[in-house]
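The values are calculated or read from the model by the stated rules, or taken from the named source; none is laboratory data. A quick note: this is a predicted structure, and the numbers were derived from the prediction, not measured. A quick note on method: Cβ atoms are made from the backbone with ideal geometry, for glycine too, and the neighbour counts reach across all protein chains shown.
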Amino acid sequence: MPLTPTERRALKARAHALDPVVIIGGQGLSPSVLKEIDVSLKGHELIKVKVAGEDRETRALMLSEICAATGAEPVQSIGRMLVLYRVNAEAPPKAARPKRKPARVPKRNFQNVK
């Protein structure tokens, strides 16, 4: 199911602070690289992949191959960086954060009152 523009924008914002998890080197897109991308998507859902030393058309082909092989959705492709997203159905739902304790009210000081 393709991402909506709103979902894509939110994922781009989340991916901004991420570092690349997988780097595709001179050997190109091998089965072991695809396996590593698949494992990373299982663990993180949203990952960055860096492609070293390829031209724009080759990177676009790699992106489509990766998405076809792993079932991921392309979020963004900027320069040599690819951002991929795949929902992890096996992951347990995230627990709600515990509520913060109310701020402690300081004791009143009557020493300097006239």
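Taking the conditions (1) in a loop (DSSP other than H, G, I, E, B); (2) among the aliphatic types (A, V, I, L, M); (3) at pLDDT 90 or above in turn, ALA95 satisfies each one other than (3).
Looking at LEU3, LEU18, which one is modelled with pLDDT under 90 and within 15 Å of the chain's Cα centre (by Cα)?
So the residue among LEU3, LEU18 that is modelled with pLDDT under 90 and within 15 Å of the chain's Cα centre (by Cα) is LEU3.
Within region 78-88, the set of residues being out of contact with any helix residue (DSSP H, G or I) (no Cβ under 6 Å at 6 or more places or on another chain), part of a strand (DSSP E or B) and touching a residue at least 12 places away in the same chain (Cβ under 8 Å) comprises MET81, LEU84. For region 26-52, a residue qualifies if it is surrounded by fewer than 12 Cβ atoms within 10 Å (Cβ to Cβ) and farther than 18 Å from SER64 by Cβ, and the qualifying residues are GLY26, GLN27, SER32, GLY43, ALA52. Summed over region 52-81, the residues that are within 14 Å of LEU29 (Cβ to Cβ) and of a type in the set (Val, Ile, Thr) give a count of 3.
For region 15-38, how many residues meet the condition of being within 15 Å of ALA72 (Cβ to Cβ) and in a helix (DSSP H, G or I)? Residues meeting the conditions: 7. Residues considered: SER64, SER40. Of these, the only one that is at pLDDT 90 or above, over 17 Å from the mean Cα position of the chain (by Cα) and of a type in the set (S, T, N, Q) is SER64.
The numbered conditions (1) in contact with a helix residue (DSSP H, G or I) (Cβ under 9 Å, 6 or more places away or on another chain); (2) farther than 18 Å from LEU18 by Cβ; (3) not polar (S, T, N, Q) are all true for GLY53 except (1).
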